[in-house]
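Chemist: Pasting a structure below so you can have a look.
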Amino acid sequence: MANRTYPSYWMYKDNRGEWRWTYHASNGEPISVSSEGYVKRSDCERSIEIMKASTNSPVWLPADLANAA
């Protein structure tokens, strides 16, 4: 197996035997995780593809925090 590079997604099976993913930043620290477990590996892979495709999604926040530091 090749050496893992960062940033990257890590797919694994949890204690319940369900597929999950964790996204690790360029420093190797986890910064995002799947919100649910998936019975099928293909569903977990699809979840990763959805995350990858969201790069142009807007960021929203409450109006009262718009000027917060």
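The values are calculated or read from the model by the stated rules, or taken from the named source; none is laboratory data. The model shown is predicted, which means the values in this text are computed figures rather than measured ones. Reconstructed Cβ throughout: ideal geometry from the backbone, glycine too, with neighbour counts over all protein chains shown. For the accessible areas, the whole protein counts, side chains as well, though only heavy atoms, and no ligand, DNA or RNA atoms are used. Shrake-Rupley method; radii C 1.70, N 1.55, O 1.52, S 1.80 Å.
Chemist: Could you run through segment 37-51 and say how many residues are assigned to a loop (DSSP other than H, G, I, E, B) and either in contact with a Cys (Cβ under 6 Å, 6 or more places away or on another chain) or open to solvent by 90 Å² or more (accessible area, probe 1.4 Å) (or both)?
Modeler: Pass one, segment 37-51, residues assigned to a loop (DSSP other than H, G, I, E, B): 37, 39-40.
Imposing the further condition that a residue be either in contact with a Cys (Cβ under 6 Å, 6 or more places away or on another chain) or open to solvent by 90 Å² or more (accessible area, probe 1.4 Å) (or both) reduces the set to 39-40.
Final tally of qualifying residues: 2.
Chemist: Report the residue count in segment 25-35 for those that are more than 14 Å from Glu45 (Cβ to Cβ) and either open to solvent by less than 100 Å² (accessible area, probe 1.4 Å) or not in a loop (DSSP other than H, G, I, E, B) (or both). If you could, list the steps in order and put the result at the bottom.
Modeler: Pass one, segment 25-35, residues more than 14 Å from Glu45 (Cβ to Cβ): 25-33, 35.
Those still in the list that are either open to solvent by less than 100 Å² (accessible area, probe 1.4 Å) or not in a loop (DSSP other than H, G, I, E, B) (or both) too: 25-26, 28, 30-33.
Total meeting the criteria: 7.
Chemist: Continuing with the same structure: May I ask you to list pairs of residues, at least six apart or on different chains, whose Cβ atoms are under 9 Å apart, with the first in segment 1-24 being on the phi < 0 side of the Ramachandran plot and part of a strand (DSSP E or B) and the second being of a type in the set (A, V, I, L, M, F, W, C) and loosely packed, with under 12 Cβ neighbours inside 10 Å?
Modeler: Correct list of pairs: Trp19/Val39; Arg20/Val33; Trp21/Val33; Thr22/Ile31; Thr22/Val33; Tyr23/Ile31; Tyr23/Val33; His24/Ile31.
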